[in-house]
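Data first, discussion second: the structure below is written as structure tokens.
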Amino acid sequence: MPQPPSVASVTAGTGTILLVEDEPEVLAIATEMLEECGYHVIKADSPSVALDLVKQQGPKIHLLITDVIMPNMTGPELAGQVTTLRPGVKVLYVSGRIGSTVVRDGAVIPGAALLHKPFTTDDLARKVREVLDAPCWPA
């Protein structure tokens with residue numbers, strides 16, 4: 001009996017992802033997960049580092065994955081600046097807070113792509129593929 005394809009093969013992709021996370025362990029694990037799926041990952045441990053990287057003339061960034069709550073700047077504030085500097089970049093927010101709470105408190109706009117922490121490689125891979133395949137959505 002044939003085995004179903006693994007999630008990694010179904011959701012594998014190419015492209016460059018800017019990953020912004022202020023928790024070092026989460027940054028390292030999420031980077032590893034994304035690289036296993038075939039993505040090139042640019043890591044930033046703060047919004048200011050992320051903005052410096054975006055301002056450099058580097059590779060095209062296909063997706064920004066950012067924590068919602070970080071010191072000095074929220075994920076949505078960062079996303080607004082990144083998408084102004086690099087139009088067409090898609091955005092995926094991650095948060096340890098429950099989705100309805102994040103939306104109700106105004107941290108992210110309703111309908112924005114959101115992934116809850118903790119997440120598995122499968123969860124992350126599927127959500128990244130979903131966001132990259134979707135039409136552009138405001139940050």
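Derivation of every value follows stated rules applied to the coordinates shown; laboratory data play no part. Computed from a prediction, not measured in an experiment: that's the story for all the values here. Glycine gets a Cβ as well: all are built from the backbone with ideal geometry, and neighbour counts include every protein chain shown.
Each of His116, His62 was scored by other Cβ atoms within 10 Å of its Cβ. Listed from fewest to most, they are His116, His62.
For region 12-133, what does the alpha-carbon gyration tensor say about shape, rounded, prolate or oblate, given a ≥ b ≥ c as the root eigenvalues, a/c under 1.5 as rounded, and a/b over b/c as prolate? Here region 12-133 falls in the rounded category. Treating r as the C-beta distance of Asp123 and Lys55 and R0 as 22 Å, the FRET efficiency rounds to 0.10. Using a simple spin-label model with pseudo-atoms 7 Å out from Cα toward Cβ, Thr16 and Ala134 lie 2.3 nm apart. The number of Lys pairs in region 12-133 with C-alpha atoms less than 19 Å apart, excluding pairs fewer than 8 positions apart on the same chain, is 9. Listing Tyr39, Tyr93 from fewest to most neighbouring C-beta atoms within 10 Å gives Tyr39, Tyr93.
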